[in-house]
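The values are calculated or read from the model by the stated rules, or taken from the named source; none is laboratory data. What you see is a predicted model; the values in this text were computed from it and never measured. All Cβ positions, glycine included, derive from the backbone under ideal geometry; neighbour counts span all protein chains shown.
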C-alpha cells in the first residue's frame, strides 16, 4: 500500500484528491496548511512515497513567510523522506527562483490548476512504479 501526503488548503480540492486516491492501493494523509504538513512529516513513522503539495498554502502564526510556505514543506519532506516523489499543484505562476529550488530538490512534476484528476493519478502511478514521468501528463488540464 503506497502512502501519500496531500497538502491542499482548499477543502473542495482536498476532498477531490482524497476521493481520487481513496482505495486499498493507497494510504492517505492530508492537511490544509504548512504547519500541519510539517507536523505530519515529523510524526510519520513510515515512508511517504508521494507528496502532492499545493504551492499556495497558509502558515500559522507567521512561522515563515507565506510565499515560502510550500518550499519549506517540500524541503522538510525531502530531508525526512529522501526517496519521496515530489509533485506540486497550483494555480499560481512559479517564480524562476522557486522553480530552480524545487528542481534541485528533485521535483517530479508540477501541475497547473485546473488539471485532470486522471492525469494526476497517472503521474502518481508513474512515480510509484518507477516509470519515467511524461511531460504531457504534467501539463494536461481540466477538472481539479
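Here are some notes:
- Among (1) under 17 Å from residue 102 (Cβ atoms); (2) at pLDDT below 85 - the single one residue 77 does not satisfy: (2)
- When residues of region 7-38 are limited to those that are in contact with a strand residue (DSSP E or B) (Cβ under 8 Å, 6 or more places away or on another chain) and within 16 Å of residue 79 (Cβ to Cβ), the one surrounded by the fewest Cβ atoms within 10 Å (Cβ to Cβ): 34
- Every condition in (1) modelled with pLDDT of 85 or more; (2) within 14 Å of the chain's Cα centre (by Cα) holds for residue 91 except the one numbered (1).
- Residue list for region 106-116, filter: within 13 Å of the chain's Cα centre (by Cα) and either over 13 Å from residue 17 (Cβ atoms) or surrounded by fewer than 16 Cβ atoms within 10 Å (Cβ to Cβ) (or both): 106, 107, 108, 109, 110, 112
- Residue that is modelled with the highest pLDDT, among those in region 94-116 that are part of a loop (DSSP other than H, G, I, E, B) and in contact with a strand residue (DSSP E or B) (Cβ under 9 Å, 6 or more places away or on another chain): 115
- Region 117-144 - residue that is more than 15 Å from the chain's Cα centre (by Cα) and modelled with pLDDT of 90 or more and, of those, farthest from residue 17 (Cα to Cα): 129
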